[in-house]
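J.: Let me give you the structure first, and then I'll get to my questions.
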Amino acid sequence: MSINETLGMSLTTEIAKALPLREELADKIYQVFHYVIIPCTSFVGIVGNVTSIVLLTRKGFKKCSSILLLALAVSDILFLIGINNVPKYLYVLYIPQGFRFTTAVNYVCYISHMAFSWARTIGLHCAMVIPVIITVERILAIRFPLTFHFILTPRRAVIIISCLFLLNGAYCIYSYVVCMKFKQVVVQGITIGFILRTDAYFHDLTSGLYETIDSIVNYTTGIIPISIVTVGSVVIGVQIAILTQRRQKMTANQVKKSADKQQPISKTTKTLLNICILYSVCSGFAFAIAYITQDSQLGQDIQLNKVLVSFHNLLTCVNCVGDFVIYVGANSVYKKSWGKCTTRKQT
């Protein structure tokens, strides 16, 4: 046997030994993230965003900012529910993939799987777009403090948010109803339910319609909103810094005289700015990971893909949790209530 053949066999043996370990490690990382870390994070986020909704409801929805925060909280809750798709984990448990229960239970699993998928898609897409509306609303509030109430009214905000949810609902109908179907077959006495692509999907794929719709959705919920919010956050931050500097230079008498000319930097503006900054950071990194898994050669590595997807999902969950932390942390009513509760416990 030649030296080259010997080296080749040794290298093959080493690769064969390394691959199972690598696959096992990737699977463990995926399981820890999706079975432990993400569910725990999601639970905290759901409870927190429900708290935000309660506080917003008590405060009322006379301002556009309250309506937008409510819509963002609902979107976060939908995503945090949808990301924990238990039927999906049951579906990928076997090889080949499929639900392996009775016919009725398989249908229930399929319907549940679709419900979780709808919640995840609608929640994620809306949570990606709503910060853009928040950014625009705050820029208008800072630049045009006297007239922005007439530009973006609560009624218009409700219409915009409703259209956003309806559009994403239509996209889900196309993706999960038109392009997917459920079929059950009996293999060796076992009923297996498969989620398959429909003829309409393959027709649209051939014609290029599916790719066009997918590209539009990816851009409008990806790089475009992230860029707008990032630039908008810088604009808002610079404007706040300028206004703060002006106030520091003014004397006490000048402050009283020019109180009508200088609009205050509201707590709402600072809260929404923090939400936008968190969004830019988390969504920016999540988008970079998604780009790697879809459009680069690294994404072809299945095991690496599992790990990257886990981090991507965790980043999005952290963003959802951070939204409620920022809002609740800035809410004086909640702080007072929490202070009273802790004082009572100590006494």
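The values are calculated or read from the model by the stated rules, or taken from the named source; none is laboratory data. Given the structure is predicted, the values throughout are model-derived calculations rather than measurements. Note: ideal-geometry Cβ built from the backbone for every residue, glycine included; neighbour counts use all protein chains shown.
J.: Based on what the data block shows, is D204 surrounded by 18 or more Cβ atoms within 10 Å (Cβ to Cβ), charged (D, E, K, R) and over 30 Å from T271 (Cβ atoms)?
T.: yes
J.: Which of the residues belonging to region 42-59 are surrounded by fewer than 21 Cβ atoms within 10 Å (Cβ to Cβ) and over 30 Å from R155 (Cβ atoms)?
T.: Those that are surrounded by fewer than 21 Cβ atoms within 10 Å (Cβ to Cβ) and over 30 Å from R155 (Cβ atoms): F43, V44, V47.
J.: Scan region 238-251 and tell me whether some residue there is within 24 Å of F324 (Cβ to Cβ), of a type outside the set (D, E, K, R) and either touching a Ser or Thr at 6+ places or on another chain (Cβ under 8 Å) or at pLDDT 80 or above (or both).
T.: Scanning region 238-251, I find at least one residue that is within 24 Å of F324 (Cβ to Cβ), of a type outside the set (D, E, K, R) and either touching a Ser or Thr at 6+ places or on another chain (Cβ under 8 Å) or at pLDDT 80 or above (or both), so the answer is yes.
J.: Among the residues of region 107-123, count how many are touching a helix residue (DSSP H, G or I) at 6+ places or on another chain (Cβ under 6 Å) and more than 12 Å from C172 (Cα to Cα).
T.: Here the count works out to 3.
J.: I need a count of the residues in region 142-201 that are aromatic (F, W, Y), surrounded by fewer than 17 Cβ atoms within 10 Å (Cβ to Cβ) and without any contact (Cβ under 8 Å) to a residue 12 or more places away in the chain.
T.: Final tally of qualifying residues: 2.
J.: Just one of the numbered conditions (1) of a type in the set (D, E, K, R); (2) loosely packed, with under 14 Cβ neighbours inside 10 Å; (3) part of a helix (DSSP H, G or I) is not true of K62; which one?
T.: Of (1) of a type in the set (D, E, K, R); (2) loosely packed, with under 14 Cβ neighbours inside 10 Å; (3) part of a helix (DSSP H, G or I), only one is false for K62: (3).
J.: Scanning region 69-85 for residues that are out of contact with any His (no Cβ under 7 Å at 6 or more places or on another chain) and assigned to a loop (DSSP other than H, G, I, E, B), which turns out nearest to C320 (Cα to Cα)?
T.: I83
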